[in-house]
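What follows is a set of notes on a single structure, which appears directly below.
Laboratory data are not the source of any read-out in this text; all were calculated from the coordinates shown. Since this is a predicted model, take the numbers as computed values, not measurements. Heads up, the Cβs are rebuilt from the backbone with ideal geometry, glycines too, and the neighbour counts pull from every protein chain shown.
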Amino acid sequence: MKTPILILLWLYFGFTVGAAEKIPPSAEEVIIDLNPSKSTVQFALSAVLHTVHGAFKVTGGTVRWDMVTGKTSGQIVVDVKSGYTGVGARDRQMHEAVLESDRFPEAVFSPDRVTGQVSMEGESQVDVHGILRIHGHDHEVTFHGKVNLQDGRVTASAKFVMPYVNWGMKDPSTFVLRVSDKVDLEMSLAGTIR
């Protein structure tokens, strides 16, 4: 009589424990450490006769992301002083008159939430909301882009139009040369999941 009861208890608890081990955790928080050597911010500024292209280096960053709630924290840091277009005189003007990079050497993006259906493997479309601190001021922004999670690695890309003149930076236009008061930014980020 005792043996069938023990077998039934073993079967019940054995299956219950086995099933519990297969239940995924309720919250999926990931910590992403950016790889500066594989991350960049490129820009394009429209002018009358041509478009000026250039880039900035990403110096680093760590982002904590709860994939269930979308809540996000951390920072992504861009070296404003690293900005270049390949033309020395133009780069000097950009740093001295527009970016004032000696006074404001970094731009920092602090994300606070991610929205969109995210797959743990492969590419997903997301919106990342947060605060961008640039030129001494905070601006609420949303970046629309893609994130790809694969084998513990993360790549992300996003585009954003920054109204730099409205944000307090000088318009470098002259009587002869007119440029847009907005600049197109394209971020390419790469990192690893802890």
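Sorted largest first, the principal axis extents computed over the alpha-carbon atoms of segment 54-166 equal 46, 26, 21 Å. Looking at segment 102-142, the trypsin sites (Lys or Arg not before Pro) that sit in a DSSP loop and have at most 11 other Cβ atoms within 10 Å of their own Cβ are ARG103. Between 0 and 90 degrees, rounded to the nearest ten: what's the tilt of helix 2-22 against the longest Cα principal axis of the chain? That helix lies at roughly 10 degrees to the long axis.
Quick check for me: using +1 on Lys/Arg Cβ and -1 on Asp/Glu Cβ, what's the dipole size of the chain about its Cα centre, in debye to the nearest 20?
180 debye
Computed FRET efficiency, Cβ-Cβ of THR69 and LYS170, R0 45 Å: what is it to the nearest 0.05?
Details: r = 40 Å, r/R0 = 0.90.
For THR69 and LYS170, the calculated efficiency is 0.65.
Each Lys and Arg contributes +1 and each Asp and Glu -1, all at the Cβ; summed about the Cα centre of segment 24-74, the dipole is approximately 220 debye.
Counting only C-alpha contacts under 8 Å and six or more residues apart, can you give the relative contact order of the chain as a whole percent? Don't skip to the answer; put the middle values down first.
Values: 419 pairs, mean separation 41.9, N = 194.
Averaging sequence separation for qualifying contacts and normalising by length gives 22 percent for the chain.
Find how many whole Å separate the alpha carbon centroid of segment 98-123 from the alpha carbon centroid of segment 156-194. Result: 13 Å between the Cα centres. Gyration tensor over the Cα atoms of segment 107-155: the corresponding equivalent ellipsoid has semi-axes (square roots of 5 times the eigenvalues, largest first) of 25, 11, 7 Å. Taking a ≥ b ≥ c as the square roots of the eigenvalues of the Cα gyration tensor, an a/c ratio of 1.5 or more together with a/b larger than b/c marks the chain as prolate. Give the residue from VAL183, SER46, VAL114 lying farthest towards the positive end of the charge dipole for the chain; charges sit on Cβ (+1 for Lys and Arg, -1 for Asp and Glu) and the dipole is referred to the Cα centre. It is VAL114.
How large is the charge dipole for segment 85-194, taken about the Cα centre, if only the Cβ atoms of Lys, Arg (+1) and Asp, Glu (-1) carry charge, to the nearest 20 debye?
Values: 12 positive and 16 negative charges, 27 e Å.
Computed charge dipole of segment 85-194: roughly 140 debye.
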